[in-house]
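Below: one structure, written as structure tokens.
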Amino acid sequence: MKILVCISHVPDTTSKINFTADNTKFDTSGVQHVINPNDEFGLTRAMWFKEKQGANVTVANVGGPETEPTLRKALAIGADAAIRVNTPANDGFSVAKQLAKVVQDGGYDLVIAGRESIDYNGGMVPGMIAGLTNSNFVNNCIGLEVDGTSAKVIREIDGGKETVSTTLPLIIGGQKGIVEESDLRIPNMRGIMMARQKPLTVVEPINIEPETASVSFDKPAPKGAVKLVSPDNLDELINLLHNEAKVI
Amino acid sequence: MSVLVYTESENGTFKKIALEVASYGKAVADQLGTTVTAITINVDDASELGNYGVDKVLNVTNKDLETFNAKAYAAAIQQAAEKEGTKVVVVSSSVNSKYLAPLLAINLNAGYASNVLEVPSSTSPFIVKRNAFTNKAFEMFQINTEVKLLGVSKNTFGLRENKASAKSEAFSVTIPELGVHVDSVDKATNKVSIADAEIVVSAGRGLKGPENWGMIEELADVLGAATACSKPVSDLGWRPHSEHVGQTGKPVAANLYLAVGISGAIQHLAGINASKVKVVINIDPEAPFFKAADYGVVGDAFVVVPELIKKLKTFKAQQ
Ligand SMILES: Cc1cc2nc3c(=O)[nH]c(=O)nc-3n(C[C@H](O)[C@H](O)[C@H](O)COP(=O)(O)OP(=O)(O)OC[C@H]3O[C@@H](n4cnc5c(N)ncnc54)[C@H](O)[C@@H]3O)c2cc1C
Ligand SMILES: Nc1ncnc2c1ncn2[C@@H]1O[C@H](COP(=O)(O)O)[C@@H](O)[C@H]1O
């Protein structure tokens with residue numbers, strides 16, 4: 001089984017979000033980048049497929065050279081090869097088109113991406129890859145088993161979950177649950193050394209007419225101070241929630 | 001030309017977000033000087049949509065669409081959009097709509113904006129404001145394609161009443177080969193889900209152990225709320241994963257989010273910031289949650305929560 005894991009290179013979850021150049025660009029100064037959490041769960045699931053079912057795992061990112069340390073980290077965790085499509089990730093649609101090309105050229109059986117990236121939160125790349133490559137697609141995946149060319153997937157739905165069956169080639173939008181937090185792997189010294197020898201191929205982008213574009217960013221207005229209510233006066237809290245906030 | 005809205009339903013009745021999507025669609029239609037058409041799937045009576053500005057309803061009744069399937073539903077919406085010659089399609093940000101939207105975008109060659117907060121700030125060029133960076137920023141987002149697909153955030157635009165005729169007509173759709181088949185659905189039917197809830201009561205590691213959740217469930221019960229928890233609580237197995245909210249868990253866009261014994265870490269707040277009113281109960285006045293909350297009680301949850309339940313019961317009885 002050939003697996004492609006799509007890796008979005010995102011600001012660490014604790015990052016301060018600021019913008020530059022007239023609020024048109026995300027300010028990366030002092031920001032640590034990491035593998036998008038949803039993708040890290042997917043990558044770990046791919047490692048199990050490699051270890052238990054002999055799968056071959058490639059990771060891919062659409063982005064500039066600055067994303068290579070993130071891809072190297074994925075190699076250190078255990079992926080066999082990495083691909084970087086050399087173009088800035090400006091919008092979800094263009095990224096999906098670039099990745100669809102990678103998927104078609106590589107003939108992958110299973111593509112694992114994340115439910116959403118924590119930077120632009122588009123939640124669109126995996127579904128668009130599926131649409132573009134005409135593959136089966138399951139989003140919000142919290143459990144995945146593959147046997148031959150059939151797959152059983154558990155999908156989170158509002159208020160519960162459902163089990164679906166499908167076949168490869170398959171695209172997954174994954175999230176926590178596909179593996180658990182405690183299953184995540186930290187690269188060890190040997191992994192880091194080996195990662196240096198593994199292929200990281202840079203491919204040039206295809207030409208795309210972008211459908212969408214980011215115009216500018218803006219931050220929510222700072223919040224007013226919290227209103228504190230004494231624990232001895234909870235009637236006041238109820239009063240505030242009822243008469244002022246009007247939520248109960 | 002009309003704006004097409006996909007109005008979600010469950011067991012034949014509209015979800016509240018369907019009415020919000022219709023309200024939003026009406027506002028966009030007004031901007032564009034056109035009307036609103038809704039597509040409904042297996043809804044018996046769609047007349048309610050007439051209260052929210054819908055002029056026409058394409059009513060799909062199809063046994064093969066009884067369980068949700070993203071590809072099939074995307075195909076149905078696409079066929080409705082093509083029939084109507086729609087330039088703007090509006091869906092919600094529910095789990096199911098977010099699943100089908102990227103497929104629909106590709107089918108329609110439509111640029112897609114998710115988590116949309118307001119009506120377009122301009123229709124030519126077409127620019128909408130959306131949430132990005134897990135509620136830490138807004139993005140002004142331009143769509144260049146002729147057909148636009150908008151996924152609107154929950155509980156942001158709100159419901160706006162507008163009388164219209166909601167003339168219903170049967171609409172039959174061709175369902176493509178599916179590829180993904182639902183074997184079983186496992187859904188708690190007696191509980192309010194986090195996605196649908198107006199109020200969410202959430203608790204963290206401050207509760208010390210799973211045995212102490214009785215009072216949280218009771219508090220939720222009194223308020224008609226869904227229960228949720230912080231990430232460590234679900235990682236420790238105190239509560240099911242489905243209750244984990246935050247950046248890596250479920251997003252919460254409720255009217256009221258009440259957090260008990262949760263410190264307010266940035267990753268937690270990122271997922272719940274879209275909620276309108278936030279209340280925190282925490283023993284530590286320095287807990288970061290107090291900076292993000294609207295109302296706060298500095299106190300011991302084991303004292304405050306039982307007392308609050310008692311007082312809320314009295315309050316509810318008087319209502
Ligand atoms: C990549 C990444 C992603 C993450 N994603 C999420 C996410 O999606 N959601 C999430 O929740 N977290 C997430 N986290 C974890 C987050 O950083 C915090 O560790 C977590 O939210 C803390 O949970 P907590 O507030 O329940 O526990 P703690 O931080 O231990 O806080 C417990 C709180 O309870 C209070 N308390 C103690 N006793 C009492 C009492 N008797 N009465 C009242 N209050 C009391 C304490 O004062 C304290 O503030 C993520 C972390 C990382 C690194
Ligand atoms: N630039 C990128 N390179 C590779 N994969 C990406 C990129 N952007 C998004 N993805 C994948 O698509 C998923 C959803 O991203 P998004 O649609 O941006 O929310 C992510 O979790 C990744 O798996």
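Ignoring ligands, DNA and RNA, what percent of the accessible area of segment A:2-220 is carbon or sulfur (1.4 Å)? Could you put the intermediate results ahead of the total?
Values: 4400 of 8820 Å².
C and S atoms contribute 50 percent here.
Past the 37 angstrom mark, what percentage of all C-alpha to C-alpha distances in the protein assembly as shown do you count? Don't skip to the answer; put the middle values down first.
Working: 50786 of 160461 pairs.
For the protein assembly as shown, the share of Cα pairs beyond 37 Å comes to 32 percent.
With a 1.4 Å probe and all protein chains left in place, how much accessible area per residue does segment A:2-220 have, in Å²? Mind showing how you got there, number by number?
Numbers: 8820 Å² over 219 residues.
Per residue, segment A:2-220 has an accessible area of 40 Å².
Give the average, rounded to an integer, of partner chain Cβ atoms located within 10 angstrom of each Cβ in A:129-136. Please report the intermediate quantities before stating the final value.
Working: counts 2, 6, 8, 3, 1, 2, 1, 4.
For this peptide, the per-residue mean of nearby foreign Cβ atoms is 3.
Need the C-alpha centroid separation for segment B:134-206 versus segment A:195-229, integer Å.
After rounding, the separation between the Cα centres reads 23 Å.
If one takes the accessible area of chain B alone plus chain A alone and subtracts that of the pair, with a 1.4 Å probe, what total in Å², rounded to the nearest 100, results?
Working: alone 15560 and 13970 Å², together 22850 Å².
Buried area (both sides, nearest 100 Å²): 6700 Å².
In Å², what does the accessible area per residue of chain B work out to with a 1.4 Å probe?
38 Å²
Give me the percent of Cα-Cα pairs in segment B:101-208 that sit more than 25 Å apart, rounded to a whole number. Present the calculation step by step, with values, prior to reporting the outcome.
Values: 2949 of 5778 pairs.
Across segment B:101-208, Cα pairs with separations above 25 Å total 51 percent.
How well do other chains shield peptide B:181-192, expressed as the mean number of their Cβ atoms within 10 Å of each residue Cβ? Numbers along the way, then the final one.
On the way: counts 5, 6, 7, 5, 7, 7, 6, 2, 2, 0, 2, 1.
The per-residue average across the peptide is 4.
What number does segment A:2-220 give for Rg over Rh if you use C-alpha atoms and the Kirkwood radius?
Working: Rg = 16.8 Å, Rh = 17.6 Å.
Taking Rh as the inverse mean 1/r over Cα pairs, Rg/Rh reads 0.95.
What order do you get for B:54-66, B:140-152 when each peptide is scored by the mean count of other beta carbon atoms within 10 Å, highest first? Present the calculation step by step, with values, prior to reporting the outcome.
On the way: B:54-66: 17.8, B:140-152: 23.0.
Top to bottom by mean Cβ count within 10 Å: B:140-152, B:54-66.
Using per-residue counts of other Cβ atoms within 10 Å, averaged over each peptide, order B:22-28, B:187-193 from highest down. Display every interim value, and only then the final one.
Numbers: B:22-28: 25.3, B:187-193: 12.0.
By packing density, highest mean first, the sequence is B:22-28, B:187-193.
Enumerate the amide H contacts of B:A203 below 5 Å, restricted to partners 5 or more residues apart or on another chain; note that Pro and chain-start residues carry no placed amide H.
B:A228, B:C229, B:S230, B:V260
For labels at B:K191 and B:R160 in the simple 7 Å Cα→Cβ model, what's the distance in nm?
Reported label-point gap for B:K191 and B:R160 is 3.6 nm.
What is the distance in Å between the Cα centroid of segment A:1-60 and that of segment B:1-61?
37 Å
So for each of B:2-8, A:183-189, B:104-110 I average, over its residues, the number of other beta carbons within 10 Å; can you give me the resulting order with the highest mean first?
On the way: B:2-8: 27.6, A:183-189: 12.1, B:104-110: 23.4.
Per-residue Cβ counts within 10 Å, averaged per peptide and sorted highest first, yield B:2-8, B:104-110, A:183-189.
Across the residues of B:259-271, average count of Cβ atoms on other protein chains within 10 Å? If you can, show how the numbers build up before the last one.
Working: counts 0, 0, 0, 0, 0, 0, 2, 4, 4, 0, 0, 5, 1.
So the per-residue partner count for this stretch is 1.
Give me the percent of the accessible area of chain B that comes from carbon and sulfur atoms, probe 1.4 Å, all protein chains in place. Write down the numbers at each step before the final one.
Working: 6000 of 12240 Å².
That fraction is 49 percent.
Enumerate the amide H contacts of B:G111 below 5 Å, restricted to partners 5 or more residues apart or on another chain; note that Pro and chain-start residues carry no placed amide H.
For B:G111, whose amide H was placed from the backbone, the distant partners under 5 Å are B:T145, B:V147, B:L149.
If you plug each phi of segment B:188-204 into the Karplus form 6.51 cos²θ - 1.76 cosθ + 1.60 with θ = phi - 60°, what whole-Hz ³J(HN,Hα) values come out, in order, with x for Gly and Pro?
These are the phi-based 3J(HN,Hα) values: 6, 8, 8, 10, 6, 7, 4, 5, 8, 6, 7, 10, 10, 9, 10, 9, x Hz.
Return the long-range amide H neighbours of A:V203 (sequence gap of 5 or more, or a different chain), with a cut-off of under 5 Å between placed amide H atoms.
A:R84, A:V85, A:N86
The values are calculated or read from the model by the stated rules, or taken from the named source; none is laboratory data. Note that the coordinates shown come from a computational prediction; the quantities given were computed from them, not determined experimentally. Note that each Cβ is placed from the backbone with ideal geometry, even for glycine, and that neighbours are counted across all protein chains shown. Protein only, heavy atoms only, side chains kept; ligands, DNA and RNA dropped before computing areas. Shrake-Rupley method; radii C 1.70, N 1.55, O 1.52, S 1.80 Å.
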